[in-house]
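First the structure, in the form of structure tokens, and then the observations on it.
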Amino acid sequence: MQLRILSGDDVRKAVDMPAAIGAMETAFAALSSGEATVPVRLSLETEHGATLFMPAHLRKEGLAGVKVASVNPGNTKLKLPVIQAVVLALDPVTGSVLALMDGTWLTALRTGAVGGLAAKLLAREDASVVALFGAGIQARTQLEAVRCVRPVTEVRIVSKSGTSADQLVKELVGVQATRFDDPGQAINGADIVIASTSSSTPVFDGSQIAPGTHVTGVGSFTPKMREVDTALVSRARIIVDQREAVLEEAGDIIGPITDRDLDESAISAEIGEVVLGSAQGRTSAEEITFFKSVGNAVQDVTVAALVLEQAEMAGLGMTVGL
């Protein structure tokens with residue numbers, strides 16, 4: 001068996017953000033059309049974090065693979081990424097392993113890409129002011145993706161310590177970037193609000209979100225985490241990556257349902273249904289939209305296949321015999 005091994009740098013060289021956003025359209029269209037098999041991910045929890053096992057098979061595209069990802073918040077003290085991962089690309093016909101690639105950057109890339117796809121489908125076309133909660137790698141790729149699809153001119157950054165926000169402000173070019181310590185001030189006048197944090201409690205007051213705003217939430221991924229509050233989800237038209245997964249894992253949605261502030265019918269559509277045209281994207285300029293994603297293995301498998309294709313053409317990585 002010949003196995004191609006790809007580093008994080010190889011993954012970066014192989015696929016850029018616009019290509020990843022295009023891959024998300026393919027991935028979620030397959031998911032919502034029933035052309036993908038995606039078991040609910042298995043979580044192995046420890047006292048330090050959780051390791052997630054995420055397989056998927058896209059039948060029509062002939063893609064298969066699995067990601068193993070760890071989420072350990074304490075890694076920031078060790079100067080390590082909070083999220084670390086590897087992805088195995090598989091041949092669905094033979095079961096052979098085709099490639100092993102670093103999944104840390106791939107995870108950030110595909111998570112940012114689906115946020116970009118959501119902004120493309122749900123944010124107003126003239127959206128230019130972004131309020132960004134979080135300043136880690138996930139938040140950065142969210143911002144990068146939104147800048148690919150909307151004419152962003154101003155970014156307001158809120159982070160827990162403020163240090164990472166200051167650093168991101170220094171790094172951003174081509175936009176007016178400012179650190180905000182008051183969440184209310186950050187969202188005042190924002191066209192797009194992105195929550196990409198590890199917070200277990202809401203990071204802004206949803207009652208202050210203005211009509212016409214698009215909100216993306218990607219940080220919370222367990223029933224106990226709620227970085228977006230009931231006020232927001234009660235006011236917004238809710239689009240999700242996958243109903244089953246969100247109702248299993250997203251505290252932002254599970255909490256209000258448990259509290260009987262809304263029910264499952266509040267989920268308007270999956271993003272794949274919007275891609276396929278069976279559900280609407282934004283319906284009016286005044287509508288508040290909320291896209292909730294907990295992550296799905298179709299994202300990893302689709303981007304990994306694209307990475308492998310480009311890596312083989314460019315001769316990236318190295319091959320070993322097993």
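So here's what we get for this one:
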| quantity | calculated |
| --- | --- |
| Residue tally, condition modelled with pLDDT of 95 or more and closer than 24 Å to E227 by Cβ, over region 266-280 | 7 |
| Residues that are within 22 Å of the chain's Cα centre (by Cα) and surrounded by fewer than 19 Cβ atoms within 10 Å (Cβ to Cβ), drawn from region 173-197 | P183 |
| Residue tally, condition modelled with pLDDT of 95 or more and in contact with a Pro (Cβ under 8 Å, 6 or more places away or on another chain), over region 188-226 | 3 |
| Test: residue in region 101-121 that is more than 18 Å from A23 (Cβ to Cβ) and touching a Lys or Arg at 6+ places or on another chain (Cβ under 9 Å) | no |
| Unmet requirement for A113, which otherwise passes all of (1) touching a Cys at 6+ places or on another chain (Cβ under 6 Å); (2) crowded, with 18+ Cβ neighbours inside 10 Å | (1) |
| Strands (runs of 3 or more DSSP E) enclosed by region 125-193 - at least 2 residues per element that are in contact with a helix residue (DSSP H, G or I) (Cβ under 8 Å, 6 or more places away or on another chain) and not assigned by TED's automatic domain parsing to the domain that holds A210 | none |
| Failed criterion for I267 (all others in (1) closer than 16 Å to A29 by Cβ; (2) among the hydrophobic types (A, V, I, L, M, F, W, C); (3) in the same structural domain as E249 (by TED's automatic domain parsing) hold) | (1) |
| Only listed residue being among the charged types (D, E, K, R) and within 27 Å of E273 (Cα to Cα), chosen from E171, E125, E154 | E125 |
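The values are calculated or read from the model by the stated rules, or taken from the named source; none is laboratory data. What you see is a predicted model, and the numbers here were worked out from it, not measured in a lab. A quick note on method: Cβ atoms are made from the backbone with ideal geometry, for glycine too, and the neighbour counts reach across all protein chains shown.
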